[in-house]
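No value in this document is a laboratory result; all are computed from the given coordinates. From a predicted model like this one, the values you see are computed outputs, not experimental measurements. Here the Cβ is made from the backbone with ideal geometry for all residues, glycine too, and neighbour counts use every protein chain on show.
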Amino acid sequence: MRKVAAEPYRDIDFSRAKRGPVVPPEPGKTKISIRLDNTVLDYFRVLVDKAGGGSYQTLINDALVEYIHQQSMLDAVRQVVREELAPSPQARVLTRRSTGRRKRAAPVTLGHSGSA
């Protein structure tokens, strides 16, 4: 492998330069730095390679967004099931009234009858 020499010093005028990224960030996106397991990165990089290119970071973001939507959907389904399974307040009142007025049945005794 051939060593590449550093570019010689050039006289560049930075007086009208602006600080910050060359490409402005997309609205609604924030640049962060996180540590991920190598297996996670390898998985998403392989997906990108199989797809013929793209950004593994976008795939990771899409997976996280899908997880959030799935969790909120599960929460909504759980809430609906709880509401459907819970007795209505009117049913509770009717049950209380009917159990309060119900007469007890006489105890049944099993045994010998008086005839022999």
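Checking each residue in region 16-31 for being under 32 Å from the mean Cα position of the chain (by Cα) and at positive phi picks out only GLY28. Pairs meeting the criteria (first residue in region 63-83 and without any contact (Cβ under 8 Å) to a residue 12 or more places away in the chain, second residue basic (Lys, Arg), beta carbons under 6 Å, at least 6 apart or on different chains) are lacking.
So, of the residues in region 21-48 that are of a type in the set (D, E, K, R) and assigned to a loop (DSSP other than H, G, I, E, B), which turns out to be nearest to ASP62 (Cα to Cα)? If we take residues in region 21-48 being of a type in the set (D, E, K, R) and assigned to a loop (DSSP other than H, G, I, E, B), then LYS29 is nearest to ASP62 (Cα to Cα).
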